[in-house]
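The values are calculated or read from the model by the stated rules, or taken from the named source; none is laboratory data. Worth saying up front: this structure is predicted, and the values here are computed from it rather than measured. Cβ coordinates were reconstructed from backbone atoms using ideal geometry, including for glycine residues, and neighbour counts include every protein chain displayed. Please note that ligands, DNA and RNA were not included when accessible areas were found on the heavy atoms of the full protein model with its side chains. Shrake-Rupley method; radii C 1.70, N 1.55, O 1.52, S 1.80 Å.
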Amino acid sequence: MSVTILSDTRSTGTEVAFQQCINPACRTKVSIDRAIFECPHCADLLDVVYDWDRAEVPSSLSWFERKWAERTDPENFSGVWRFRELLPFVAKNQIVTIGEGQTLLQRSDPVASYVGVQPGGLLLQYEGMNPSGSFKDNGMAAAFTHARMVGAKRVACASTGNTSASLAVFCSSTTFGFKAIIFIGSGKIAYGKLSQALDHGALTIQIVGDFDDALERVRQVAGRLGIYLMNSVNPFRLEGQKTIMYRILEAMRWEVPDWIVVPGGNLGNSSSFGKAFIELKHLGLIKKVPRLAVINATGAHTLDQLVSHHGLTWRNGLTDPDVINNYYSHLNREHLKADTIASAIEINRPVNLKKCLRALDFCDGVVREVNDQEILDAKAKVGAGGLGCEPASAASVAGARLLREQGVIAASDRVVCILTGHQLKDPTVTVAYHSADQEQFEKVLGSRGVKRAGFANRPVVVPNDLDTIIRTIGMYATTEEA
Ligand code: F0G
């Protein structure tokens, strides 16, 4: 195997990396020294683009395994920066890390059976193991590094909870003087996530409105006050999130799965996964490209509507703006707001829509939607047969099951579902699902259209009496063994 030996002596990386508008009719280039988060000419999305001929890239992915031997260096310990040669916008001594990306690809045969694929065919990429409990830390490591490079101090985001939790943790646990400002909608954030923002000392601004409103506001405020924006419209966030794909390939001994299935909210993840595979293919580091499935919640299904029902496609960047604008006008006219128990993906105007279309195009992707009942049942199956996740994450498993039922995924396929966030992010939903308390079920879930908890594991209530307790345990043990 031929290996290019890389040095860490690159100076600023500015020669290798730049930002560029994704609109093919524009393609304006912007230096990576700037933090502007939209094209200065046409306001379209920016990409971080590399001149790979000038970057130092290994000739084989297995080269990255050598970093494990050097993991006392925090930059090799990081599951993001271990792959820094594939996001070469930064010099080594500028890196920000909180130990993100120590995550796991877990085989789950119980979930395989639920989805309908063969044993060994279903793998759960558990991003809940990140320091703040969600995949966001991958993106934040890269965006905070960029913020450090441009000398930013105040950093802000709008969030359904996980972005803000991650941002707050990066501010509280690093030593570069970052100050966190977060915007959240009213009553739309799970308590586990809100508690993180508060506990880590972020200035938390709650506005009357939902995530889409909060994002619009934070973009205005960041522009006006010159605050560094940490939402996934920031292309550096997406660079960090590419590494989730590298870790999956690594865990599969550099084999490419048949499917990557991911929940879709603001569409940062799906966009970054697509970019990861476009680049790996371009660099000749993979031969096969996996298919991508992006799963919306029914109550927040803009992507599925546009792609599956209105024929929206990438068209080499010439996406039809009328299809998108007409759909958003329809949302406005009908006063339609996103509404799902999977609060993390309760988003109707995904900022990365066009980049996601590019990912779908490259990865022969599909989009589906699953309802709250399907999400919660899949979540219970993940909890019982894998590492626990929050509701939005389980959309991936529910979506894989649907695609299997539809014959799009084959029983023999190897499928990786991304579990984007930890179970403890949203205990209210989990407890309501499993609870024997009908009132609580109705209040939290019934009111949102969830009818039953088919896979509930109800607590068994017994008097505080030793004999009764022992008899009850015996009864349950016998039932299970029978
Ligand atoms: N899963 C979880 C647990 C999330 O927190 C999010 C997004 C998604 C999936 C969707 O990912 O936006 O890349 O399509 N949460 C954002 C937030 C919006 O504010 O925490 P996406």
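Just a few scattered comments:
For every residue, the table says whether it meets (1) hydroxyl-bearing (Ser, Thr, Tyr); (2) surrounded by fewer than 21 Cβ atoms within 10 Å (Cβ to Cβ); (3) free of Cβ contacts under 8 Å to residues at least 40 places away in the same chain.
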| site | (1), (2), (3) |
| --- | --- |
| 171 | no, no, yes |
| 175 | yes, yes, yes |
| 183 | no, no, yes |
| 191 | yes, yes, no |
| 194 | no, yes, yes |
| 198 | no, yes, yes |
| 203 | no, yes, yes |
| 214 | no, no, no |
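- Scanning segment 223-237 for residues that are aliphatic (A, V, I, L, M) and surrounded by 24 or more Cβ atoms within 10 Å (Cβ to Cβ) returns 229, 230.
- Comparison of 266, 231 shows that the only residue that is in contact with a strand residue (DSSP E or B) (Cβ under 8 Å, 6 or more places away or on another chain) and within 16 Å of the ligand (Cβ to nearest atom) is 231.
- So residue 280, is it open to solvent by 10 Å² or more (accessible area, probe 1.4 Å), modelled with pLDDT of 95 or more and closer than 15 Å to residue 61 by Cβ: no
- Filtered by the rule that a residue be under 14 Å from residue 142 (Cα atoms) and either assigned to a helix (DSSP H, G or I) or not aliphatic (A, V, I, L, M) (or both), segment 86-102 gives 86, 88, 89, 92, 93, 94, 97, 99, 100, 101.
- From 136, 153, residue being of a type in the set (Lys, Arg), open to solvent by 10 Å² or more (accessible area, probe 1.4 Å) and within 13 Å of the ligand (Cβ to nearest atom): 136
- Considering residues of segment 54-85 that are aliphatic (A, V, I, L, M) and in a loop (DSSP other than H, G, I, E, B) only, the residue least open to solvent (accessible area, probe 1.4 Å): 80
- Entry remark, segment 374-407: residues being modelled with pLDDT of 95 or more, open to solvent by 20 Å² or more (accessible area, probe 1.4 Å) and not small (Gly, Ala, Ser) number 7 in total.
- Filtered by the rule that a residue be open to solvent by less than 60 Å² (accessible area, probe 1.4 Å) and within 22 Å of residue 255 (Cα to Cα), segment 408-443 gives 408, 409, 410, 411, 413, 415, 416, 417, 418, 419, 420.
- Test: residue 25 is surrounded by fewer than 13 Cβ atoms within 10 Å (Cβ to Cβ), hydrophobic (A, V, I, L, M, F, W, C) and either in contact with an Asp or Glu (Cβ under 8 Å, 6 or more places away or on another chain) or not in a strand (DSSP E or B) (or both): yes
- Residue among 331, 312, 306 that is in contact (Cβ under 8 Å) with a residue 40 or more places away in the chain, open to solvent by less than 40 Å² (accessible area, probe 1.4 Å) and away from the ligand (no atom under 16 Å from the Cβ): 312
- The set of residues from segment 335-355 being near the ligand (Cβ under 8 Å from one of its atoms) and either in a helix (DSSP H, G or I) or among the β-branched types (Val, Ile, Thr) (or both) comprises 344, 345, 347.
- Of the helices (runs of 4 or more DSSP H) that lie entirely inside segment 367-473, those containing 1 or more residues that are more than 14 Å from the ligand (Cβ to nearest atom), more than 30 Å from residue 309 (Cβ to Cβ) and out of contact with any Cys (no Cβ under 7 Å at 6 or more places or on another chain) span 372-385, 427-434, 438-444.
- Unique match (being out of contact with any helix residue (DSSP H, G or I) (no Cβ under 8 Å at 6 or more places or on another chain), of a type outside the set (Val, Ile, Thr), within 11 Å of the ligand (Cβ to nearest atom) and not assigned by TED's automatic domain parsing to the domain that holds residue 351) among 203, 215: 215
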